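Notes for the one structure printed next.
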Amino acid sequence: MKIDYSIKHSVPSFNLDTWLKGIEKEEPRIPYSKLKGLWDHYGELLDDFRAFLETKESVTDADGKTLTPVEIYNAIEYYKIRIEKLWLIFNLRLYKTTNVNKETQVRYIVMRAFWIDEKGKPFRKFSKNLGAENKVLVRGQIPHSDIKAVEDYILSLMEDLYYWEYISDAEAGTDSEGNIRIPRY
């Protein structure tokens, strides 16, 4: 099919190529060695996405069916969301909130982190209750060891959820007790 206008003269509100080049240059906040397997997977995903964007051939799905422009657009969104989820893992941000027990009026410190839904919108997904504020805080601060433990815990949850959402069924399986086994990269 031929379209009646030149794409070269359009100015999109979101420049995918600029976004991708920016992502490729960024350095993660979480050390490379801590998430090496996931970081290697991320590099492969970027290479795959770049090849997908630069192809001049017709695009097909895993079953060999040629994709329509809407399906190609959805595939691009799929890649973007997947890449953004990995960046949430690599650049983990914890948010401190307090919850108050209505009966006892005790304040509890909760650390939270975001995830991205299937529409690309961030939402609060992960949380870890540290305990009563008066028992957690030392000189008004959360001890670094507690923050580190929460970071490790939430990173583990995020990594597992990423694998659960994107790993192929052929790579996943169940153990002898029927629990889902998620292999690590």
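The values are calculated or read from the model by the stated rules, or taken from the named source; none is laboratory data. Everything numeric here is computed off the predicted structure, so don't read it as measured data. So basically every Cβ, Gly included, is an ideal-geometry build from the backbone, and we count neighbours across all protein chains shown. All accessible areas refer to the heavy atoms of the entire protein, side chains included, with ligands and DNA or RNA removed. Shrake-Rupley method; radii C 1.70, N 1.55, O 1.52, S 1.80 Å.
Look through segment 1-50, keep the residues that are surrounded by fewer than 10 Cβ atoms within 10 Å (Cβ to Cβ) and in a helix (DSSP H, G or I), and return whichever of them is modelled with the highest pLDDT.
So the first thing to find is which residues in segment 1-50 are surrounded by fewer than 10 Cβ atoms within 10 Å (Cβ to Cβ), and the list is 1-14, 25, 27, 33.
Cutting the leftovers down to in a helix (DSSP H, G or I) gives us 7-9, 25, 33.
Numbers: 7: 66, 8: 66, 9: 61, 25: 78, 33: 81.
It comes out as 33.
Among residues of segment 133-157 that are in the same structural domain as residue 113 (by the TED database), those with a Cβ under 6 angstrom from a residue that is open to solvent by 40 Å² or more (accessible area, probe 1.4 Å) and charged (D, E, K, R), sequence gap 6+ or separate chain, pair up as 133/107; 150/128; 153/128.
Can you find even one residue in segment 87-94 that is loosely packed, with under 14 Cβ neighbours inside 10 Å, closer than 30 Å to residue 146 by Cβ and not polar (S, T, N, Q)? Before you say what the answer is, go through the steps one by one.
Here is the first cut: in segment 87-94, the ones loosely packed, with under 14 Cβ neighbours inside 10 Å are 91, 93.
In the following step, the residues that additionally are closer than 30 Å to residue 146 by Cβ were identified as 91, 93.
Next cut, not polar (S, T, N, Q) only: 93.
Yes, because at least one residue in segment 87-94 is loosely packed, with under 14 Cβ neighbours inside 10 Å, closer than 30 Å to residue 146 by Cβ and not polar (S, T, N, Q).
Scanning segment 51-77 for residues that are exposed (fewer than 13 other Cβ atoms within 10 Å of the Cβ) and in a loop (DSSP other than H, G, I, E, B) turns up 55, 56, 57, 58, 61, 62, 63, 64, 65, 68.
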